[in-house]
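> Once you've had a glance at the structure underneath, I'll fire off some questions.
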Amino acid sequence: MDLKSSHSSPVLADPAPINKLRLGVHSNLLPYPQPGPSFSSGKYMAIPRRKPGKIDDVYSNGWLDAMKSSSPPRKKLIKDFTIEVAADDTDIAYSSWMLKYPSALNSFEKISSSAKNKKIAVFLDYDGTLSPIVDDPDHALMSDDMRSVVRNVAKYFPTAIITGRSRDKVFELVGLTELYYAGSHGMDILGPASRSLSNGHPNSIESTPQQGEEVNLFQPAKEFIPMIDEVFKTLIENTKGIKGVKLEHHKFCASVHYRNVDEKVRNVRAGLLLHNVFMMF
Ligand SMILES: O=P(O)(O)OC[C@H]1O[C@H](O[C@H]2O[C@H](CO)[C@@H](O)[C@H](O)[C@H]2O)[C@H](O)[C@@H](O)[C@@H]1O
């Protein structure tokens, strides 16, 4: 493949160090008021809530299976002794997972030949792609080697990180100013001022010279922030007492971590919890 580093990729134009002001932290996203409609926090409360479901629904609608299959199997450790056990089982499980989700690296030729003469943009996930999967999401760190690979890729192609994490958190972890960052599964996108992300969507902010900020922020689901806050409170209430559960509020979405919950408890409670919270909102 012919690589030219002089691509006109829409990289962030502002060489200034990224800080909280630029990247945005919750309501203090920018130093000026955000355009677009504002929504009273009471508005979404008027939506009638549906009744919580039954455990059978969780199994019949396949949510539990979907949650399981979207996570690669992890190695089990006996924590007290820090000994790896069931390594064979883990390897077998991993191989069969790989059969279902084959690596793109094994099809590199095919991919590169079909990309010929096409504009290429690179979209990268963070967890499990740029960083290893670990038990504590706060410890999912990217290596310096990986960081320099991503920095290099961004010299050739417009490169974005799209993640379920919050945008500010993933920037904190990656720290490269030359990328696009799409947090909350794409509901919170930071891009360069030079390129419109939104086609004039009312929930987008594009800087002007007067405002002096070279950012382009697209938050198409801004009106749901109060609802997500409410969902998060409900999750806190509903997970109280489940040992090992960890919650993360990403502004436009929330995560319930059940990785460290005892498997038996998880099978019964995790699916039901999600089902109930979904049904309420
Ligand atoms: O879209 P992604 O970037 O893949 O984000 C999905 C979730 O990633 C993080 O959780 C995952 O990684 C953790 C750290 O390795 C691991 O402990 C957890 O079990 C994984 O689900 C992140 O913490 C979540 O908020 C994201 O939803």
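The values are calculated or read from the model by the stated rules, or taken from the named source; none is laboratory data. Just so it is clear, the structure is predicted and the values come from calculations on it, not from any experiment. For neighbour counting, all protein chains shown are included, and Cβ atoms are generated from backbone atoms with ideal geometry for every residue, glycine included.
> For a quick check of your reading of the model, give me the residue pairs whose first member lies in region 109-131 and is polar (S, T, N, Q), whose second is away from the ligand (no atom under 16 Å from the Cβ), with beta-carbon atoms closer than 7 Å and at least 6 apart or on different chains.
Short answer, once both residue conditions are applied: 112/1.
> Residue check: is residue 235 crowded, with 17+ Cβ neighbours inside 10 Å, modelled with pLDDT under 95, out of contact with any Leu (no Cβ under 8 Å at 6 or more places or on another chain) and part of a helix (DSSP H, G or I)?
The answer is no for residue 235.
> Let me ask another. Considering only residues that are aliphatic (A, V, I, L, M) and within 16 Å of the ligand (Cβ to nearest atom), which ones fall in region 141-162?
Listed by number, the residues that qualify are 141, 142, 146, 150, 160, 161, 162.
> Do we find that residue 102 is more than 13 Å from the chain's Cα centre (by Cα), on the phi < 0 side of the Ramachandran plot, within 15 Å of the ligand (Cβ to nearest atom) and not aliphatic (A, V, I, L, M) in this structure?
no
> Any residue at all in region 73-85 that is within 16 Å of the ligand (Cβ to nearest atom), out of contact with any helix residue (DSSP H, G or I) (no Cβ under 7 Å at 6 or more places or on another chain) and modelled with pLDDT of 90 or more?
No: zero hits.
> Please go through region 123-170 and pick out each residue that is of a type in the set (Phe, Trp, Tyr) and outside any helix (DSSP H, G or I).
Correct list: 123, 126, 157.
> Among residues belonging to region 257-273 that are crowded, with 19+ Cβ neighbours inside 10 Å and within 14 Å of the ligand (Cβ to nearest atom), point out the one that is nearest to the chain's Cα centre (by Cα).
258
> Taking region 133-148 as the region of interest, how many residues are surrounded by 13 or more Cβ atoms within 10 Å (Cβ to Cβ) and over 12 Å from residue 175 (Cβ atoms)?
Number satisfying all stated conditions: 5.
> What is the number of the single condition among (1) out of contact with any strand residue (DSSP E or B) (no Cβ under 8 Å at 6 or more places or on another chain); (2) in a helix (DSSP H, G or I) that residue 173 does not meet?
(1)
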